[in-house]
Structure formats: C-alpha cells, structure tokens
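Below: one structure, written as structure tokens.
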Amino acid sequence: MRSGTGTQGWNRQSNQTRLGFQACVDLLCYAYDRGIRFIDSADMYGSHPHVAAAAKVVGRENLTITTKTVAKDLESAKRDIPRIFRELETDYVDILLLHCMTTAEWPERMRPVMDYLSEWKEQGRIRALGVSCHHFGAFERAAEEPWVDVVLARINFDGVHMDERPEHVIRVLRRMHEQGKGIYGMKVVGQKQLASEWRQAIKFVFDLDCVHAMTIGMESREEVDRNVDYINSLFESAPPGSVPLRPERPGLGGTAQT
C-alpha cells in the first residue's frame, strides 16, 4: 500500500497538505512506522517539500517515491523536472509519471517530454517511467506503449471516478501485466464515495491478479491504522506466496504489501 498525498489534489495543494506542513510530515512518518514504504506525490499536489522532510526522518533509502509532472512540452519539462528534484531534495526518483493523460494520442503529443525524461532515466536519476490516465483511450494506449514501465490506474469495484466499467479496465490491466508493466491502483475507495464500503473496496483491488500495489490518501493516524491493520489481515489469510501474479516490477519493488 502507498501513502497518497493527493486527495482532492490539484493547483499545488491537497487534503494532505492542507493539514499543515508538520502535520502532513508527521502523518507520512507515522505511516512509515506502520510499515508503509511507498509515497505517492505529484507536482500538482504541492507535496514535494512534505515528502522531502519525511524522507529526512525515515531515510531516503527506505522509501519508494513516485511523483508526476504535468509538463506538456519540452520547454516546460526542462523547467519543471530540475525543480521537482530540488523540491524533493533527492538525487533520484523511483517512479516519475506523466500526470493525467486524457487523450489516446498522448504518446505522439508527449514524445518530446518522454524523450527528455528518458535521458534522466538513462542517467539513473529516474528509475521507472510511466503515466496516470483519466481517459480510457489513453489508458489503452498505455498498455501498448513500450516507453511505459508503470501505470497508475483508476480502479474500484463500483466504477466510481473511473475511465470505464471495472471489467473493461481489468481486461486492460491484465494485458499491461502480461507485458511486464508495474501497476498500482488509485481511486480504490472512489475518492471517498465508497468510504462506507471501504473493506470491500480494498479487498477488491487486493484480490486482483494484475495490480501490484494501491495508493490510498489517508488523512489521519486512525485511517492509517485502520487500513494497515485490514490489509495485514488480508495478507495473513492469503500470504504473498499464495496470491497469484504479484512479482516485482520496475520501480515497484514488489511491495504490494504494507
């Protein structure tokens, strides 16, 4: 499970950053103490300084950090990517995603940015590249695009805030998985619209044979405890060795667990 920093996140703020700087940092550190090693961030969440501060406390080497860029052209990418690294105060990023692809033509339109990010990957500064998608056509293209190592996919049992019905999304997820792409799920509880059914929501994604991890935007220690305890109970009843198709993938480190 990932500790997400982007609930209702855009315009360089989110519910997590709105907790206040130190409160957000403390929550990330508490999540680490409870066993969470993934942190999902993005330029548009404004959470890079918070992640950097938490990494100083727990040790950068102990975290897998994702961030995302909304750069749509080479000039913007050359401006934004060095700044992102400065804000995260790190020499490398584990996963960097093109944020919120909304057209099936994104590989053609984004190629200059993709080539620029590939240069960072070749230098070892980015360990895995990929996309988050908010459009089913864009999502399907991600399955076929060899540049993509990792996909952040909207997936839950009810289709809330998703690109298509779950059965159609899962079909594409399985194709991605077969091609060796790392996959982690977002909107697991439907941006809180499925909060009353949170156990069912988490278990649905946990049980998928084509998803390696999930990101959940938690806003309190109580939410961290609740989710970690429940996911640990799922692992106890079906330990990793008995859950099919959960191998390590580039940038994901095999951490489909807390």
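Numbers below:
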{"quantity": "Search result, residues across segment 9-36 that are part of a loop (DSSP other than H, G, I, E, B) and within 14 Å of residue 217 (Cα to Cα)", "calculated": "9, 14, 15, 16, 36"}
{"quantity": "Matching option when the condition is of a type in the set (D, E, K, R), touching a Gly at 6+ places or on another chain (Cβ under 9 Å), in contact (Cβ under 8 Å) with a residue 12 or more places away in the chain and at positive phi, among 181, 192", "calculated": "192"}
{"quantity": "Among (1) in contact (Cβ under 8 Å) with a residue 40 or more places away in the chain; (2) at positive phi; (3) not aliphatic (A, V, I, L, M), the one test that residue 11 misses", "calculated": "(1)"}
{"quantity": "Selection status of residue 159, touching a residue at least 12 places away in the same chain (Cβ under 8 Å), closer than 28 Å to residue 105 by Cα and not in a helix (DSSP H, G or I)", "calculated": "no"}
{"quantity": "Yes/no for residue 38 being farther than 23 Å from residue 213 by Cα, among the aromatic types (Phe, Trp, Tyr) and either in contact with a Gly (Cβ under 9 Å, 6 or more places away or on another chain) or surrounded by 16 or more Cβ atoms within 10 Å (Cβ to Cβ) (or both)", "calculated": "no"}
{"quantity": "Residue ID - surrounded by the fewest Cβ atoms within 10 Å (Cβ to Cβ), chosen from residues in segment 6-31 that are in contact with a Gly (Cβ under 9 Å, 6 or more places away or on another chain) and not small (Gly, Ala, Ser)", "calculated": "11"}
{"quantity": "Number of the condition not met by residue 170 [criteria: (1) crowded, with 21+ Cβ neighbours inside 10 Å; (2) in contact with a Cys (Cβ under 8 Å, 6 or more places away or on another chain); (3) modelled with pLDDT of 95 or more]", "calculated": "(1)"}
{"quantity": "Top-ranked residue in segment 207-230 [being among the hydrophobic types (A, V, I, L, M, F, W, C) and either touching a Pro at 6+ places or on another chain (Cβ under 6 Å) or farther than 24 Å from residue 171 by Cα (or both); ranked as modelled with the lowest pLDDT]", "calculated": "218"}
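The values are calculated or read from the model by the stated rules, or taken from the named source; none is laboratory data. Computed from a predicted structure; not experimentally measured. Glycine gets a Cβ as well: all are built from the backbone with ideal geometry, and neighbour counts include every protein chain shown.
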